[in-house]
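K.L.:
The structure's right below; bear with me while I get my questions together.
The values are calculated or read from the model by the stated rules, or taken from the named source; none is laboratory data. Quantities reported herein were computed from a predicted structural model and do not represent experimental measurements. Positions of Cβ are generated from backbone atoms using ideal geometry, with glycine treated the same way; all protein chains shown enter the neighbour counts.
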Amino acid sequence: MNRNSLSFSWSNFGWQIVKDYIALLILLLLSFYVVYFTKPVVSQLFFLLLLISFFFLKKDYFWFAFFFVLIQGPGYFFADFSGSSLHRLPLYTIFSGFSFTVLDLFVMLAIVKAFLRGRKTQLQLGVPLIIVSLYILFIICVTAFIFGTTIEDLAWNLRWIFYYSIIISFSYLVYKKHEIYQFIHLIFPVVFFILFAQIYFVATGNEFINIFNPGFRGVTLNTVTGEIRPLMGGILIVFFSYIFSVFFLVDNNYRLSRLYLYIVIAASFLSVFLSAARLWFVIFSFIFAGYMVITKKKFLSTIGVAAVVFLVLSTLMYFGIIPPELLVQSSWGRLQQVFFVASGNVYSVDTAMNRLVNQLPILVGLIKENALIGYGLSHISMTYYDNDFGFLNTILMFGFVGLLFFIFFFAKMFLLLLRTIKKLHVNNSYKMPLKVMVLAWIGILIGYFSTWDFFTMYFDKVFFVSLLIVFAEFFVWRAYRQELRYASDIEI
C-alpha cells in the first residue's frame, strides 16, 4: 500500500454516498408525507418504527444525519413544535402531562445503544466537559432551592442539557473515518433545499412551508428597507455545510469533486446574503478570509466560489426570479450596517440600538443582583433569557463563575487544536483542515460574545455543538495516527 494512501477507497465511498443520498431523500420524503398529510397516530407509528430500526440496525451515521436534519427544520419544515399543531413531529405521552418528542427518544436510544453496542472512546476534552457538567448540576440544585422552579421549567431545561449526551453517543457509535465523511456529505444537499425555500419566498411572497402548514410562517420584513426578508430555515445546517466544505477543500487527500465543494460554499454564502443576517455574514466572511490566509490556493478557490455565486445570481435575475433591487437595496442595505457597527456608529443600526437601549439594561440589572452563580433553571432565567445576548445568557443562568468554566472549556479546545497543528508534519493531510476547525470555533465565539447563544436552551444548537466537539476530537486523533507514519515509517 502506498505511504499516502487512505484507509478506505474513494471510489467505493463515492458510490456509497450516492446510495445514502437516495435513502435519506426517500426517508425525508416519507417523513414529510406522514407529518403533513396523515393523522398524528400514523406519524407516531411511522417514527416509532424508525426509532426501532435505528436501535437494531447498523449505519448509525445515517440515522444521526437523518435526525440532525429533522431537528434543524430545513426550510422551516418539521420546525413546528406547538403541542396543538396537526403538522409536527409526533409527541409520545408517557404519563399524564409528561411527553417526549421523537427527537428526545432518539437521543435517549442513542446513549443506550452507545453503551450497549458502541466502542468506548477516550475524549481528550473529557475532563473540562465533566467539570462544566458538574458545575451546571450544582447550580441547578442550589438555584432551585433559592429561587424555586416548576416541574415544567425543570423538565424543559434538563432535556436540552441531556442532548449533550450526543457527544458520547455519536463518538461511541460513529468512529470510522468513512462514516464520519459520509455523515458530513449527507448534510450538504440540504443546503440547496434551504436556498430554494428562500428563493421561493422572494419569488412568491409566501414561505414554501405555508403551502403545507398554512399560516405557520408570517411575512418577515427587512427592518432597514421594508422589503421581504427570506430568512434561513435551518441556519446551522448551512453553517455546518459551509465549515466542512472549506474543511475538505484544504484536505490534500480529498478525492471527490472540488467543484461540488465550491457549489456548496457558494450556496451557503448566498443563503446568508439573501437572508441579510448580519452576524452570519460576519462569521462566514471571517472563515473564508481565514481560509484565504492559511492556504496558498486562495486565488483559484476565491475565483471558483465567486464564479458559482455570479452564475447562480445571474440566472435568477435573468429569469426575473430575484429582482436586482432585493440584492442591492435590501440584502446589501442591511448587511452593510456591519461596517457602521465596526466604525463605532452603533446607534445608527436599528436593532442594535434597541438591544443596547431597551433590552440590555434589563438583563444587566438582573445579572447584577446575582452575578456570582446566576439563576440556574429557575423561572427567572426562563423569563429573561434573550437570544440576542449570547454570553450574557450564560451569566444569567450560571453566573460569572459559570462563564469562567465555559471559557476554561474553550481554552482547552483551542489548546488541543493548536498544539496538535504545531506538532504535525508539514505533509500531514490534517494539518490544514484542523486550522479550519480553529476558524470555525472562532466564528462560533464571535457569535457567542456578540449576539447568538450557541450553547443553551435550544435542542438544535446543542446537537450542532455536540457534533463539532466530537469532530474536533476525531480529526485530532486521526492526525496523530497519520503522524505515526512520519515518526516510525509504518502504514495506518
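K.L.:
Taking into account only those residues within segment 269-289 that are at pLDDT 90 or above and closer than 18 Å to VAL250 by Cα, which is surrounded by the fewest Cβ atoms within 10 Å (Cβ to Cβ)?
P.N.:
Going through the qualifying residues, I end up with PHE286.
K.L.:
Does PHE408 qualify as being farther than 19 Å from ALA479 by Cβ and either outside the structural domain of VAL364 (by TED's automatic domain parsing) or not in a helix (DSSP H, G or I) (or both)?
P.N.:
No.
K.L.:
Residue by residue through segment 398-429, note down the ones that are within 18 Å of THR451 (Cα to Cα) and either free of Cβ contacts under 8 Å to residues at least 60 places away in the same chain or surrounded by fewer than 18 Cβ atoms within 10 Å (Cβ to Cβ) (or both).
P.N.:
Answer for segment 398-429, where residues must be within 18 Å of THR451 (Cα to Cα) and either free of Cβ contacts under 8 Å to residues at least 60 places away in the same chain or surrounded by fewer than 18 Cβ atoms within 10 Å (Cβ to Cβ) (or both): PHE400, LEU403, ILE407, PHE410.
K.L.:
Considering only segment 172-189, state which residues are closer than 19 Å to LEU249 by Cβ and of a type in the set (A, V, I, L, M, F, W, C).
P.N.:
ILE180, PHE183, ILE184, LEU186, ILE187, PHE188
K.L.:
Same structure again: Looking for whichever is more than 21 Å from the chain's Cα centre (by Cα), part of a helix (DSSP H, G or I), within 14 Å of PHE106 (Cα to Cα) and not assigned by TED's automatic domain parsing to the domain that holds ASN213 here; the options are PHE68, PHE46, PHE64. Which one fits?
P.N.:
PHE46
K.L.:
List every residue pair whose Cβ atoms sit under 7 Å apart, with the two residues 6 or more apart in sequence or on different chains, where the first one lies in segment 279-290 and is over 13 Å from ILE444 (Cα atoms) and the second, anywhere, is surrounded by 20 or more Cβ atoms within 10 Å (Cβ to Cβ) and of a type in the set (A, V, I, L, M, F, W, C).
P.N.:
Hits for this filter: GLY290/LEU439.
K.L.:
Hey, among the residues in segment 358-373 that are among the hydrophobic types (A, V, I, L, M, F, W, C) and farther than 17 Å from VAL142 by Cβ, which one's surrounded by the fewest Cβ atoms within 10 Å (Cβ to Cβ)?
P.N.:
Among residues in segment 358-373 that are among the hydrophobic types (A, V, I, L, M, F, W, C) and farther than 17 Å from VAL142 by Cβ, the one surrounded by the fewest Cβ atoms within 10 Å (Cβ to Cβ) is ILE362.
K.L.:
Right, another one. Is at least one residue of segment 145-168 surrounded by fewer than 16 Cβ atoms within 10 Å (Cβ to Cβ) and among the basic types (Lys, Arg)?
P.N.:
No, the conditions are met nowhere in segment 145-168.
K.L.:
Scan segment 99-125 residue by residue and report those that are loosely packed, with under 11 Cβ neighbours inside 10 Å and either assigned to a helix (DSSP H, G or I) or aromatic (Phe, Trp, Tyr) (or both).
P.N.:
The one that is loosely packed, with under 11 Cβ neighbours inside 10 Å and either assigned to a helix (DSSP H, G or I) or aromatic (Phe, Trp, Tyr) (or both): LEU116.
K.L.:
Which condition breaks for ALA472 when tested against (1) hydrophobic (A, V, I, L, M, F, W, C); (2) in contact (Cβ under 8 Å) with a residue 24 or more places away in the chain; (3) not in a helix (DSSP H, G or I)?
P.N.:
Result: ALA472 fails condition (3) only.
K.L.:
Working carefully through the options ALA110, ALA79, ALA144, find the one that is outside the structural domain of SER43 (by TED's automatic domain parsing) and either of a type in the set (A, V, I, L, M, F, W, C) or in contact with a strand residue (DSSP E or B) (Cβ under 7 Å, 6 or more places away or on another chain) (or both).
P.N.:
Sole residue among the options that is outside the structural domain of SER43 (by TED's automatic domain parsing) and either of a type in the set (A, V, I, L, M, F, W, C) or in contact with a strand residue (DSSP E or B) (Cβ under 7 Å, 6 or more places away or on another chain) (or both): ALA144.
K.L.:
What's the total number of residues in segment 374-392 that are surrounded by fewer than 19 Cβ atoms within 10 Å (Cβ to Cβ), at pLDDT 85 or above and part of a loop (DSSP other than H, G, I, E, B)?
P.N.:
Residues meeting the conditions: 1.
K.L.:
I want to confirm something. Restricting to segment 251-272 and keeping residues that are without any contact (Cβ under 8 Å) to a residue 40 or more places away in the chain and outside any helix (DSSP H, G or I), which single residue is nearest to VAL476 (Cα to Cα)?
P.N.:
Result: TYR254.
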